[in-house]
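A.B. asks: I am attaching a structure below and will ask some questions about it afterwards.
Read the figures in this text as sums done on the coordinates, not as results from a lab. As the structure is a prediction and not an experimental result, all values here were calculated from the model. Cβ sites come from the backbone with ideal geometry, for glycine too, and all protein chains shown count toward neighbours.
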Amino acid sequence: MENFIFQNQTKIIFGKDEEHRVGKEASLYGKKLLLHYGGGSIKKSGLYDNVIKSLKEQNIEIIELGGVQPNPRVSLVREGVKLCKQHNIDSILAVGGGSVIDSAKAIAIGAHYDGDVWDFFEGKTQVTDCLPLGVVLTIPAAGSETSGGTVITNEEGSYKRAVGHGNMRPAFAILNPVLSYTLPSYQTACGVTDMMSHILERYFTNDKNVELTDRLCEATLKTIINNAHTVINEPTDYAARSEIMWAGTIAHNDSLNTGRTGDWASHDIEHEVSGIYDIAHGAGLAIIFPAWMKYVYKHDINRFVQYANRVWDVEIDLNDLEKTALAGIKKTEEFFHSIGMPITLNEVDIDVEYFAEMAEKATERGPLGNFVKLKKDDVLAIYHLAK
């Protein structure tokens with residue numbers, strides 16, 4: 001196990017009707033707030049009205065910026081940064097899922113920066129200051145409600161890039177599973193895939209003697225697997241929704257990677273796919289992750305055997321460990337398909353046209369991943385495996 005420092009300051013407020021507390025929580029960080037959200041779903045559901053009422057009860061001045069899209073765009077982030085500077089905003093409230101939260105985080109780091117916010121994503125400057133950020137979560141998926149990371153797409157060049165820093169962790173996050181009842185089944189499935197992928201990125205490590213976090217990863221994966229079909233088929237099952245929502249947070253709050261170094265190549269490889277084709281991130285991960293597994297499993301076949309056995313209950317064949325490892329990968333694909341996810345690029349009408357460009361862009365800052373270092377040709381091979 002490696003040395004580590006774990007600190008996550010996000011205050012979690014979990015349960016039914018807790019969104020009514022948002023005004024009180026937000027008031028701790030000032031009286032002028034940027035309210036950031038996506039489309040019209042929070043207005044149709046009544047959540048918007050509840051949030052506005054709670055904020056006004058605390059005499060908080062509200063500046064609104066809606067319009068966040070999946071794979072959030074830097075153009076809207078720039079608009080948010082401009083509003084924060086014009087109105088001397090004290091804090092930001094993100095109401096929505098990972099795309100809204102990521103957009104809000106990018107605005108928060110840009111608000112105190114004199115240059116263009118995309119400089120952070122190109123590595124031209126580092127995060128230092130950040131506006132306080134609160135969250136009302138509506139989509140359990142990205143884990144952005146407690147993470148220190150954000151991923152933004154630049155329409156110019158179709159680049160999708162990430163920035164990470166502890167200062168970007170939200171000050172508080174309100175998690176009411178009821179708010180996820182109205183999610184379409186496809187969006188729910190994308191969220192399930194996203195949170196599972198966050199765990200798998202941490203699970204496939206070269207570090208030894210990490211039994212506790214191995215077991216925590218496996219337990220969280222099995223909890224998601226056990227409840228996924230229920231939340232898709234019975235969307236108002238509060239117990240299952242609660243398990244999924246909390247698992248999505250645990251998957252990405254960094255507790256599962258204490259003492260170990262995760263991989264993260266699959267996320268970087270997928271970012272190039274959704275950066276160009278604008279598909280849902282979870283759907284892209286359902287395609288890329290199994291392809292990555294097939295490409296690297298021989299690097300540590302025992303870890304893949306452990307994964308197959310402990311997560312998917314595959315009986316270990318001591319005479320053929322490779323068979324066991326491949327069975328675990330197949331079970332992963334079968335599960336993704338069973339919840340309505342694509343597992344090949346062909347299923348989402350993506351052909352080989354941009355494979356070389358995506359592999360080039362993915363590795364332009366050097367090899368990807370930690371479990372196995374992947375160069376351009378490796379990434380290209382994974383895209384072809386994902387066809």
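A.B. asks: Run the reach check for Lys160 against aspartates and glutamates, Cα to Cα strictly under 17 Å, same-chain hits fewer than 8 apart removed. What comes back?
C.D. replies: Asp102, Asp116, Asp119, Glu122, Asp194, Asp268, Glu270, Glu272, Asp278, Glu357, Glu360, Glu364
A.B. asks: Here's a follow-up. Tally Lys/Arg at +1 and Asp/Glu at -1 over every other residue whose Cβ is under 10 Å from the Cβ of Thr205; what's the total?
C.D. replies: Net local charge, Thr205 excluded: -2.
A.B. asks: Take Lys208, Lys160 and order them by how many other Cβ atoms sit within 10 Å, fewest up front.
C.D. replies: With the sparsest Cβ surroundings first, the list reads Lys208, Lys160.
A.B. asks: Another question, if that's okay. Fewest to most neighbouring Cβ within 10 Å: what's the order for Tyr29, Tyr383?
C.D. replies: With the sparsest Cβ surroundings first, the list reads Tyr29, Tyr383.
A.B. asks: Using just the helices of the chain, give the 222 nm mean residue ellipticity in deg cm²/dmol: DSSP H runs with n ≥ 4 each add -39,500 (n - 2.57), and the total is spread over all residues, rounded to 500.
C.D. replies: -14500 deg cm²/dmol
A.B. asks: In addition: Along the positive direction of the dipole of the chain (beta-carbon charges: Lys, Arg +1; Asp, Glu -1; about the Cα centre), which of Phe172, Thr205, Ile382 reaches farthest?
C.D. replies: Towards the positive end, the residue furthest out is Phe172.
A.B. asks: Along each of its three principal axes, how wide is the spread of alpha-carbon positions in segment 183-385, in whole angstrom units, largest first?
C.D. replies: 45, 41, 32
A.B. asks: Given the options Leu133, Leu285, Leu368, state which has the largest fluctuation in a GNM of the chain using a 10 Å cut-off (strictly under) for Cα springs.
C.D. replies: Leu368
A.B. asks: Compute the long axis of helix 98-110 from its Cα atoms, compare it with the longest principal axis of the Cα atoms of the chain, and write down the angle in degrees, 0 to 90, nearest 10.
C.D. replies: Around 60 degrees separate the two axes.
A.B. asks: Does segment 335-387 classify as rounded, prolate or oblate by the C-alpha gyration tensor (a ≥ b ≥ c root eigenvalues; a/c under 1.5 gives rounded; else a/b over b/c gives prolate, otherwise oblate)?
C.D. replies: oblate
A.B. asks: Which whole-number percentage describes the relative contact order of the chain, with Cα contacts under 8 Å and a sequence gap of 6 or more?
C.D. replies: This gives 15 percent for the chain.
A.B. asks: Nearest 20 debye, what's the magnitude of the dipole of the chain about its Cα centre given +1 on Lys and Arg Cβ and -1 on Asp and Glu Cβ?
C.D. replies: That gives a dipole near 840 debye.
A.B. asks: Estimate the FRET efficiency between Phe6 and Ile301 by the formula 1/(1 + (r/R0)^6), using the beta-carbon distance for r and 30 Å for R0, to the nearest 0.05.
C.D. replies: 0.50
A.B. asks: Just tell me which aspartates and glutamates come within less than 17 Å, Cα to Cα, of Lys43; anything on the same chain fewer than 8 places away is out.
C.D. replies: Asp17, Glu19, Glu64
A.B. asks: Now for a separate question. Can you give the FRET efficiency for His112 and Asp317, using 1/(1 + (r/R0)^6), R0 = 51 Å, r = Cβ-Cβ distance, to the nearest 0.05?
C.D. replies: With R0 = 51 Å, the Cβ-Cβ based efficiency is 0.35.
A.B. asks: Also, quick follow-up: As I understand it, the value is the acute angle between the Cα axis of helix 47-57 and the longest principal axis of the Cα atoms of the chain; what does it come to in degrees, rounded to 10?
C.D. replies: Helix 47-57 sits at roughly 40 degrees to that axis.
A.B. asks: For each pair in Lys294/Lys375; Lys331/Lys373; Lys323/Lys375; Lys24/Lys82, compute the distance between the two Cα atoms and list the pairs where it is over 18 Å.
C.D. replies: Lys331/Lys373; Lys323/Lys375; Lys24/Lys82
A.B. asks: Follow-up question, since we're still on this one. May I have the pair-distance distribution P(r) for segment 76-209, computed from all Cα-Cα distances with 5 Å bins from 0 and rounded to whole percent?
C.D. replies: Taking every Cα pair in segment 76-209, the percentages come to 2, 10, 19, 20, 19, 15, 9, 5, 1, 0, 0.
A.B. asks: Between Tyr186 and Asn209, what's the calculated FRET efficiency when r is the beta-carbon distance and R0 is 30 Å? Round to 0.05.
C.D. replies: According to the calculation, E is roughly 0.15.
A.B. asks: Something else: Using DSSP to define loop residues, name the trypsin sites (Lys or Arg not before Pro) in segment 349-385 whose beta-carbon has at most 15 other beta-carbon atoms within 10 Å.
C.D. replies: Within segment 349-385, the qualifying trypsin sites (Lys or Arg not before Pro) (loop, at most 15 other Cβ atoms within 10 Å) are Arg365, Lys373, Lys375.
A.B. asks: Related question: Along the charge dipole of segment 11-179, Cβ charges K/R +1 and D/E -1, which of Pro72, Pro140, Gln126 sits furthest on the positive end?
C.D. replies: Pro140
A.B. asks: Using only Cα atoms, tell me the angle between helix 185-203 and the longest principal axis of the chain; keep it within 0 to 90° and round to the nearest 10.
C.D. replies: Tilt of helix 185-203: around 70 degrees.
A.B. asks: Same structure, new question: Test of understanding: ordering Ser103, Ser185 by Cβ neighbours within 10 Å, fewest first, what list do you get?
C.D. replies: Ser185, Ser103
A.B. asks: Using unit Cβ charges (K, R positive; D, E negative) and no other charged atoms, how large, in debye to the nearest 20, is the dipole of segment 183-385 about its Cα centre?
C.D. replies: 560 debye
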